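Peer 1: Could you have a look at this structure, given as structure tokens, before my questions?
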Amino acid sequence: MFDFHNTTDEVEPFPVLIEKYFPFIQHVHVQEMDGRCLGFRKRGERIRPLFRKLKELRFEKWVSVEVFDFSPGAEALAADSLKTLRAIERKLT
């Protein structure tokens, strides 16, 4: 699994890491680094390069969203995360 939250100590950019380990990646886990809802900051700009590389490599497996701050509520978190993922997808095409 490529877990975005656990990449804070990595020195290589996400696209380099994705390409390097692509044969082993079965699942991608995304969230904001502070544990809030995906897209809380600038609608996923930090992870867009990750998704661009996944698209280029034709990744067709699982992508999940993880949050640690549940205060907005489950429905709001799901809606905001989906909105962000769709915005990222639109910018990739």
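The values are calculated or read from the model by the stated rules, or taken from the named source; none is laboratory data. None of these values were measured; they are calculated from a predicted model. A quick note on method: Cβ atoms are made from the backbone with ideal geometry, for glycine too, and the neighbour counts reach across all protein chains shown.
Peer 1: Please enumerate the residues belonging to the stretch 36-81 that are modelled with pLDDT of 80 or more and touching a Ser or Thr at 6+ places or on another chain (Cβ under 7 Å).
Peer 2: Val65
Peer 1: Of all residues in the stretch 61-76, count the ones that are in contact (Cβ under 8 Å) with a residue 40 or more places away in the chain and farther than 19 Å from Phe51 by Cβ. Steps first, please.
Peer 2: Initial filter on the stretch 61-76 (in contact (Cβ under 8 Å) with a residue 40 or more places away in the chain): 66.
From what is left, the residues that are farther than 19 Å from Phe51 by Cβ are none.
Number of matching residues: 0.
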